[in-house]
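The values are calculated or read from the model by the stated rules, or taken from the named source; none is laboratory data. None of these values were measured; they are calculated from a predicted model. Using ideal geometry, Cβ is built from the backbone for each residue, glycine included, and neighbour counts are taken over all protein chains shown. Keep in mind that these areas ignore ligands, DNA and RNA; they rest on the heavy atoms of the full protein, side chains included. Shrake-Rupley method; radii C 1.70, N 1.55, O 1.52, S 1.80 Å.
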Amino acid sequence: MLRRHLWKLTLSAALVLWSVFTLMPLKDQPFGDFVKQKATAKPAEFTKLLGEVATRIQAGRAPSVYVALKQIGAEQKLDLSQFFPDIKLESTLTNVEKRNNILLNELLRRSKSPLQLGLDLKGGVAYTLEIDAGTTNAANPQAGQEKLSKAIEIIDNRINGLGVTEPIIRAVGVNRIEVQLPGVSTKDNPEIATNLVKPARLDFKMVHPFIAPPQEAPPGYERMELEQEGRQGAQSYTEELYVKTRPEMTGEGVADSYPTMDEFGRFRIILKFTEQGAKQFADVTKAIADEGQRSGRRGRLAIVLDGKLYSAPGVEKEIAGGSAEISGSFTQREAVDLSNVLNNPLDSKLEIKEQFEVGPSLATDAISSGIRATVIGTAAVAAFMITFYATGGLVAVASLAVNIIIILGVMASIGATMTLPGLAGIVLTIGMAVDANILIFERMREEIALGKNLVSANQGGFSKALTTIMDAHLVQLLICGVMIWLGTGPIKGFGFTLLIGVISTLLSVLITGHMLMEMLVESGALKKMTMRRMLGD
């Protein structure tokens, strides 16, 4: 008997163990405590660093340990990875700020429970932003996706400037961006919406031809950093430049930009200008070339998007004719990125299509009421099943527990968040699972009434209920598909959780629950199936 059911037992146990392992840790760890635990190298220096972090937070200069560490690393050019030898970063990545960002994001991820709460349970504000459909270029989906990714990067940089430590920023469809800011209130941060939807400014600025950091900045120039990737396995590095504060021209004169490859296989970017932009660019490049001749050094033109320096190509002569070519030792990735910068996916104002906010007190009430409703509902269902079906009810409750654990484990493994609609989906899943068990038990009752023994009644009841169970769950799967396909926000979240629940219910009822009943019946441990009725015959 055990050999016949071994695969079911192995599958059920493996799914439960995997789900439990995936859900660990169950609660978020405070980020400050977590980094103390994980900083295994240079403990004395790190303790001193945490003292600076505490001072900065107490003075109101940083809202959290995460932001304070990021600020200190940027200001002091301090590579924080030296304190965390267990977290390996690419050896070719030498840009300190980028290394620190990757490190802190990874530490933050590890400090969190895999199953996170949504804004309706945690509090915060969420926006769905829409970019002009023409910007994302529906005729070229790949180019449109690249521009959408660049837009997400711009918004991410803006949010980091607000000190939000756990933002969720992701694409929705081809021209929408979802932004979730947990723990943020528009009352305390009224500038959030304005910062998110304002157009990104593309500027062309002159680079000082011979003065650069650490020399003192000349009047009218600002210090900017240009990240350069290493070539052929070489380390990446950061170049510091002095760039004019006032732009020579803006991105309004750019009509189009695209990467291409020359006859030698080198990547370059082709720039097309409007009529007015062509004249401006010719004047700008002539001024830079003339200044380069006077100084004896090649002049450079800085390309700055939303306050970040992306490139600084050299200019040797006036560029006229309505188009320009930016060449250099670009990788394909760099050429595409720079082309997206020049096309500026946020050159027009974003539109807020959806917005909702949940305050901390309301989130706390939602957690309490949601958990209470789930517990009460589950307890009531378990009591009903045990009261009316005795041992069969206990088997149903066991398969139900497996069902819930698998649902939570799958949600944690794919990075889903638990929301109020998600809780509702789980409660509905509990009802579906119980309904499937009731169908099986009632068909068993009919088989027993015909005089069959318990073994035959179990097999017959399961076989007769199987078609109905599969039909009902197939319909549920179709409904879930429609909600996920056409729904947004809470509706989509509900549909997604319900989809996981439907599949998990089929596994737990048809495999785990049926296996337990067969083992009890065939082993002789269950000799009589007690089943009560709500109404008499």
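In segment 73-96, which residue that is touching an Asp or Glu at 6+ places or on another chain (Cβ under 8 Å) and surrounded by fewer than 19 Cβ atoms within 10 Å (Cβ to Cβ) is modelled with the highest pLDDT? Can you show your working first?
So in segment 73-96, the residues touching an Asp or Glu at 6+ places or on another chain (Cβ under 8 Å) come out as 73-74, 83, 87, 95-96.
If we keep only those that are surrounded by fewer than 19 Cβ atoms within 10 Å (Cβ to Cβ) too, we end up with 74, 87, 95-96.
On the way: Ala74: 81, Ile87: 88, Asn95: 72, Val96: 81.
The residue in question is Ile87.
Tell me, please, whether a residue that is among the polar types (S, T, N, Q), in contact with a helix residue (DSSP H, G or I) (Cβ under 6 Å, 6 or more places away or on another chain) and under 18 Å from Ile438 (Cβ atoms) can be found in segment 527-535. If you could, list the steps in order and put the result at the bottom.
The initial filter retains those residues of segment 527-535 that are among the polar types (S, T, N, Q), namely 530.
Then drop every residue that is not in contact with a helix residue (DSSP H, G or I) (Cβ under 6 Å, 6 or more places away or on another chain), which leaves none.
No, because not a single residue in segment 527-535 is among the polar types (S, T, N, Q), in contact with a helix residue (DSSP H, G or I) (Cβ under 6 Å, 6 or more places away or on another chain) and under 18 Å from Ile438 (Cβ atoms).
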Check your understanding: Of the residues that make up segment 305-319, is at least one part of a helix (DSSP H, G or I) and open to solvent by less than 40 Å² (accessible area, probe 1.4 Å)?
Key -> no
Review point. Out of all the residues in segment 428-440, which are surrounded by fewer than 21 Cβ atoms within 10 Å (Cβ to Cβ) and either among the acidic types (Asp, Glu) or over 12 Å from Thr505 (Cα atoms) (or both)?
Key: Asp435, Ile438, Leu439
Study note, to complete from the structure: Flagged pairs (Cβ under 7 angstrom, 6 or more apart or on separate chains; first in segment 192-210, free of Cβ contacts under 8 Å to residues at least 40 places away in the same chain; second open to solvent by 10 Å² or more (accessible area, probe 1.4 Å) and assigned to a helix (DSSP H, G or I)) are Asn195/Arg158
**Study point:** The lone exception for Tyr66 - which of (1) open to solvent by 40 Å² or more (accessible area, probe 1.4 Å); (2) farther than 30 Å from Ser508 by Cβ it fails
**Key:** (1)
Review point. What single numbered condition from (1) modelled with pLDDT under 85; (2) within 38 Å of the chain's Cα centre (by Cα); (3) buried (at least 18 other Cβ atoms within 10 Å of the Cβ) fails to hold for Thr505?
Key: (1)
Practice item. Identify the single condition in (1) touching a residue at least 24 places away in the same chain (Cβ under 8 Å); (2) in contact with a helix residue (DSSP H, G or I) (Cβ under 9 Å, 6 or more places away or on another chain) that Thr331 does not satisfy, given that it satisfies every other one. Key: (2)
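I'd like to verify a number: residues in segment 251-264 that are open to solvent by 40 Å² or more (accessible area, probe 1.4 Å) and either over 17 Å from Gly321 (Cα atoms) or in contact (Cβ under 8 Å) with a residue 24 or more places away in the chain (or both), how many? If you could, list the steps in order and put the result at the bottom.
If we filter segment 251-264 for residues that are open to solvent by 40 Å² or more (accessible area, probe 1.4 Å), which is where we start, we get 252, 255-256, 258-261, 263-264.
This time we only want the ones that are either over 17 Å from Gly321 (Cα atoms) or in contact (Cβ under 8 Å) with a residue 24 or more places away in the chain (or both), so: 252, 256, 258-261, 263-264.
Residues flagged as open to solvent by 40 Å² or more (accessible area, probe 1.4 Å) and either over 17 Å from Gly321 (Cα atoms) or in contact (Cβ under 8 Å) with a residue 24 or more places away in the chain (or both) within segment 251-264 amount to 8.
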Review point. Do you know which residues across segment 394-419 are surrounded by fewer than 22 Cβ atoms within 10 Å (Cβ to Cβ), at pLDDT below 90 and not small (Gly, Ala, Ser)?
Key: Ile414, Thr417
